[in-house]
Structure formats: C-alpha cells, structure tokens
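The next block holds one structure in the form of structure tokens; read it before the comments.
Each value in this text was obtained by applying a stated rule to the coordinates, not by laboratory testing. Nothing here was measured: the structure is a model prediction, and the numbers come from that model. Cβ sites come from the backbone with ideal geometry, for glycine too, and all protein chains shown count toward neighbours.
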Amino acid sequence: MFTFKRWGRKAYSLFSVLKQPVRIGVLMVAYTSVSEPELLFAQTDSLKVSMEYNLDEVEVSAQRSPVTFSQVARIVSVIERNEIEAAPVQSLQELLEYALSVDVRQRGVHGVQADISVRGGSFDQTLILLNGINISDPQTGHHSLNLPVSFKNIQRIEILEGPAARVFGPNAFSGAINIITSSEGNSGVKLDIAGGQHQMADVNVSGNLQSGNWSQFVAFNRISSDGYIDNTDFKTYNAFYQAKLDTKPGTLGFQFGRTNKAFGANSFYTATYPNQFEETKTTFASLKFETGSKIHLTPSVYWRRHQDRFELFRSEPASWYAGHNYHLTDIFGSNLNAWFSSAFGKTAFGAEIRSENVWSNVLGKALASPIEVPGESEKFFTKSYSRTTISYFAEHSVYLKNLSISAGAMANRISDLGFGWNIYPGMDASFTISNNVKLYGSANSSLRMPTFTDLFYNGPTNIGNPDLKPEKSVTYEGGLKLTYKGFSGHAGVYHRRGKDLIDWIREKETEKWQTKNLTNINSTGIEISGDLFPEKVWNKPVFITKLGINYSYSELNKNNYNVFSYYVLDNLKQKLDIELNHKIWNKLKGSWRVSYQDRNGMRTQAEPYEPFWLVNARIMWKTHSSEIYLLAANLLDTKYFDFGTIEQPGRWISVGISHQLRL
C-alpha cells in the first residue's frame, strides 16, 4: 500500500485539491486471474498490474469547480471501464439502458439511432457531452448520440440526474450524460473483432502513443448488419483522434472525430410509410486548455457539423412525393470556466457563447437564393435559420466537516423566440450523519430550447410551430446515500414542475402531429439502487462477484390532456434492472443483465404498451492481453415494442475476440 501526499504532475492536480493523502492499492496479476470482471484491464491500464481505487475520490463533472464523487450532493451514476467491458451489450445505447432512471428507446440497434431520456423526460431534454464538450444536436435529439467513437473506446460515463443548467448550460433539462475517453496510458495497440447473426460484423482498431509530455489516442471502427427484419440494415464508420500535451503553462487537449451512418429506418418517424432510409455524417472537433495555479482557467472552443439525407421512400416513392429531405447543421461554441479556492470555499464563474445554424430544404426560413447541398448532385438548400445563445455562470461551494453546500445560477439569453435574459438558479446540499450515511437535497431550475424540427418541420404527417416557447422547469429532490464495506447505494425522491413542455400531439389518429407547448406537466419519482461486492464483504473468493439492483418509478401529472402524445406523455413508468457477475472456472467469467420495463401511453390508438422482461448474457475468457466472448442479447427471444410500431430484435447471438499489444 503506497501513500501519496503530493504529486507534481498537473494531470493529477485533484490530489492537491483534496488536501488529504490518496491511497492506491496495487494488486498483482496473479490475483486478477481469479478476480471478478470488475477488475478486467481497461484500455489504458498496465498489462501487469491493476489499480484499485475508491470511487468516492474520483473527480466527476457535476459542478463548475472540481468535485469528487463523495462530495457531490446530487445523484451521479458512474460507469467505469471495467463495467463497460463486462456488460453483455454491443453499443453505448444498450449499455445506458441499464443505468438508473435512464430510458433508451432504440429505433435502430448497435448504435444506429436511439432516443435517450432521464427521469421521465423527453429525448430532447437530455444533454450529451463528449469529454465535457456539448455535442447535442439542435436539429433534433434523435442525432445527439451520433458519436465518432465506439463504446469499446469509452473510459467512463457520468450520468448527472436532474436539471444541470447552472453546470452545463441550456438543454440540460432532465439530465446530462458525459462520455469520457482518454489519451493517457501506456503505448499499445488493441484490436476487437466481433460477428454474429444477421450478418453482423464489427471491427475496432485503437491505439495509444505516449511520448514524454505528449499522449495520443486514435481509433477506427466499422460495424454493419443486414438487419433483423426488412429495412433494418445498416453500416457505420467511426474515426476518432485525441491528444493531450502537458506544458509548463498548462495542459492542452484536442479531439477530432467523424462518424458516417447509412441505415434502413423502418417506421422510424411514421408507421404510415415504413420503407424509410437515412444517411448521416457528423464531424466534431474541440480544443481545450487548462492553466493557472491560484485562479484555474479552462477556455475551450468547439465545432460540430451534422449532415443528413432522409428518404421517406427508400424505393417506389408515391406519386405525390416531392423528394428527400436534406439538412446541414453547424455549431460553433466557445466556453470559459474559471475557479479558485479561498478560506470560504471554492468559487467558480464562466461564460459560453454558442451559435446554432441550419440549412435545409424543409427547416427554417426561405433563402434569398438556393445553396447546393454538399455531396449531392443538383440538390439545393432553400431554407436556413440561425440563433445564438449566451450564458453566464456563477457558483460557490463550501465543504465543512459534515456539511457541503453548492449554490449558483446561470443567466441566459437566446437571440430568437423573443426570449430575453433569464436566470436559472440552483442549490445542492448534503449532510454526513456518519461514515456510512449521508443525507442530500437539491433544488435546481433549467430550460430547453425548441429544436429546429420542433419549430419548422412540415411533412405528410407533421406540422411544426415557429411560435414555440422554451421549456422551463424546477426540480426538487432529496434522499439518503449509504456506503459500507463492499456495498454502496442510495434511495431518493424527486419532483419536477415543468412549464411549456414541447410535444407533438393530436386529438385524433387521422390528424397530423403538431408541436405545441403543454401548459404544466409535473413529474414525481422514486429511485433505489445498490451494488454489493461479496468478496469485499467477506474478504475471500466468492462465486458471485457483483450484484447490482436499480429501481425507478416515475409518475406524470398530465392535467387531463385528452390528446395523443408522441413523446412527453409517453414515459417509462417503472424500470427494474438487475446486474449479476460471477466466476465460472479459472479465467472464465459470466455476466447477466435482467431488465423489466413498464411504459405509460399507447403504442397505437388501440394498443397500450405492454410491460416486458429482457435478459442479456455474456460469457468471457480473459487473460491480461486477450479476451474471447460469447454474447446473447434478448436471450429469451422476447417480442417487445418500446417505441410505437418499431419491432425490437429478438435473440441476437454474437462472438468476439480482442487482443492488446503493448509497445
């Protein structure tokens, strides 16, 4: 056992912030050969040792100033790399399905397209970040998870439940998900190859290069399938590069990524015309610099471009069909965050400016002259729209012996919609009763701007509304956190008061869907979670290495709205997830995920959503450098629907192999 009181490298400045010794246990490889899947090597781990640390002292992105997991007075779910590797899933979307209070409604499997929401919110109300940079799509939340990196290259996922406007800005309405990769670690190359039913083929190549103060990470991924039913085929390509340079003035970070997707979109947007097709291209880049000793400064700039072609008819179009929809969105943003410590606590302040622009033949206002669509012959954008948001942030955090308080606000102005300056405050607090028990509570407000689709999309089955107002909410929550030897968990309740929530609604099934602001929608929910590690409890080898349980219940007060709702009133009511990891023999391990979902709303005018159970399983044989696995998704071949008439896949068997070569 080694004890560090100081560490000079800037990348580990968190240690000095904590102002306490940090203990790191080093376990030999001989032990990892009989340990649970949680101790499998991560992308950047050494091949000969595994580092065991206390999650409570890991820094998470839940406040404007640095904060450790144990200090956060909110519910933050953290999915570590070892959990990602052990999970019986093939995509980020499938992995998030098992997170507490997260609802993932997959339109297309293996990361093709999915709608993700938190605590009964809609998919447009969840902010998505890549390494702390906002990558959410202003055109529609359907594209917010178009990531340029495979989930096999993700180091950690942080899920902040509840509104987070004063931390991340507008659109962190019901929650925020921060997806973290890393360029740090020993130099090496890793190859992952998987194949399975429905001609599924997945190839991922990644590598780290460490040279002095310069660290780099690069990854390429291709995944494809013929589809599990008609018109569900897909091809996806990802390329991602990340670099980090430690210099005397500070740390410079850069990331760049590109993802291309082409997929059959069977009934994605309307069941009336199921033979849909879509192709998307997303390019993303950001530059961040961390500097300062007394006053810590983190300026960043970023750019995201998304282009898509949507075909209502993949073949044999109707006589009235005028042609495909073409869209291109450009986002430019700049962010500055600063913080300093004093005898009174930690104070943070900052600002962000974000420009969102769209060119389309459907969305926006008429152009003076058409603009040619990039990459498309004789196709033109005829409409465009732009808006700018400016946000200012301030936050102060105090950490006493048993009490921690963090309070702050965001002042925000949107250039359109006639929506001037507005302030969104919030406060979190926690009180430590004992070493094992902590009470927490918070009250936070937030907003969500309408997407370009909400404002302008008019089609055969939809009518947009350019007069929409932004959504607003205030959320109150409180609960109890428990930590014992080999066990951690929490139980809590929350209540969200929403105003002007945006939804596509209609009174009759024969009418078109229209976007409107619903006056008031309140949501109340409970959450219970717990993780048990038997080997840590009894200090000896045990067959079951981890047992985790998450349960959430959400109830919406619909105020007697007698309308058909496409999203907002169609929430996940109950969700139970059970995680079980166990040994089989020697290096052979097993991992199981069981999920129960019960959804409000109607799948069609005559059919409500039926509750269902899902079981996923993974069997893996792993050494310090190689792994062979067998994965069964929907093991019981359950027939289910979690969005409209889109039938989800039945049992899907795949096998894979990965090998890591250390340079």
Checklist outcome for this item: Averaging 1/r across every pair of distinct alpha carbons in region 532-598 and inverting yields a Kirkwood hydrodynamic radius, in angstrom, of 15.1 Å
Item to check | Cross-link partners of Lys508 among lysines (Cα-Cα below 23 Å; sequence separation of 8 or more within a chain) | outcome: Lys516, Lys558
Checklist entry - Can you list residues whose amide H is under 5 Å from Asn522's amide H, if they're 5+ apart or on another chain and H is modeled 1.01 Å from N? => result Gly498, Asn557
Checklist entry - For the chain, what is the calculated [θ] at 222 nm in deg cm²/dmol (nearest 500), taking -39500 (n - 2.57) for each run of four or more DSSP H residues and dividing by its residue count? => result -1000 deg cm²/dmol
Checklist entry - Leu297 versus Ile657, label points 7 Å from Cα toward the beta carbon: distance in nm? => result 5.3 nm
Item to check | Derived scalar couplings ³J(HN,Hα) [region 386-397; Karplus, 6.51 cos²θ - 1.76 cosθ + 1.60; whole Hz; x for Gly, Pro] | outcome: 9, 8, 10, 10, 10, 10, 10, 10, 8, 7, 9, 10
Item to check | Fully extended contour minus Cα-Cα distance, from Arg258 to Asn520, at 0.36 nm per residue | outcome: 90.4 nm
Item to check | Whole-angstrom Cα spans of region 238-298 along principal axes, big to small | outcome: 61, 22, 9
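Neighbour counts of other C-beta atoms within 10 Å: give me Leu569, Leu297 arranged from fewest to most.
On the way: Leu569 20, Leu297 15.
Exposure proxy ranking, most exposed first: Leu297, Leu569.
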Item to check | Mean shadow area of region 144-293, taken as a quarter of the surface of its Cα convex hull (nm²) | outcome: 11.6 nm²
Item to check | Karplus 3J(HN,Hα) series, Hz, for region 205-221 with 6.51 cos²θ - 1.76 cosθ + 1.60 (x for Gly, Pro) | outcome: 10, 9, x, 10, 9, 10, 9, x, 8, 10, 10, 9, 9, 9, 8, 10, 9
Item to check | Whole-Å semi-axes of the ellipsoid equivalent to the chain (Cα gyration tensor, √5λ, descending) | outcome: 37, 30, 26
Item to check | Computed E for Phe419/Asp226 - FRET, C-beta separation, R0 60 angstrom, nearest 0.05 | outcome: 0.80
Next on the checklist: Restricting to Cα pairs below 8 Å that are 6+ residues apart, what does the relative contact order work out to for region 146-248? Please round to a whole percent.
Outcome noted: 23 percent
Checklist entry - Using the 10 angstrom Cβ neighbour count as an exposure proxy, how do Arg119, Arg74 rank, fewest first? => result Arg74, Arg119
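By count of other Cβ within 10 Å, fewest leading, how are Ile177, Ile331, Ile371 ordered? Walk me through the numbers before you get to the answer.
Numbers: Ile177 25, Ile331 21, Ile371 14.
Ordered from fewest to most neighbouring Cβ atoms within 10 Å, Ile177, Ile331, Ile371 come out as Ile371, Ile331, Ile177.
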Next on the checklist: Can you give the local net charge around Gly375? Use residues other than it whose beta-carbon is closer than 14 angstrom to its beta-carbon, Lys and Arg +1, Asp and Glu -1.
Outcome noted: 0
Checklist entry - Among all the lysines, which ones have a C-alpha under 27 Å from Lys288's C-alpha, if same-chain residues fewer than 8 places away are not counted? => result Lys10, Lys19, Lys152, Lys190, Lys244, Lys248, Lys346
Next on the checklist: Taking the alpha-carbon distance from Lys622 and a cut-off under 14 Å, which aspartates and glutamates remain once sequence neighbours fewer than 8 residues away in the same chain are dropped?
Outcome noted: Glu36, Glu38, Glu85, Asp192
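So what is the relative contact order for the chain, in percent, with contacts set as C-alpha pairs under 8 Å and at least six apart?
Details: 1838 pairs, mean separation 72.8, N = 663.
Once normalised by length, the contact order is 11 percent.
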Checklist entry - Mind listing the phi-derived Karplus ³J(HN,Hα) values for region 532-545, rounded to whole Hz, using 6.51, -1.76 and 1.60 with θ = phi - 60°, and x for any glycine or proline? => result 10, 10, x, 5, 6, 6, 9, 6, 7, x, 9, 4, 8, 9
Checklist entry - Around Ile521, what is the net charge, scoring Lys/Arg as +1 and Asp/Glu as -1 over all other residues with Cβ under 15 Å from its Cβ? => result +4
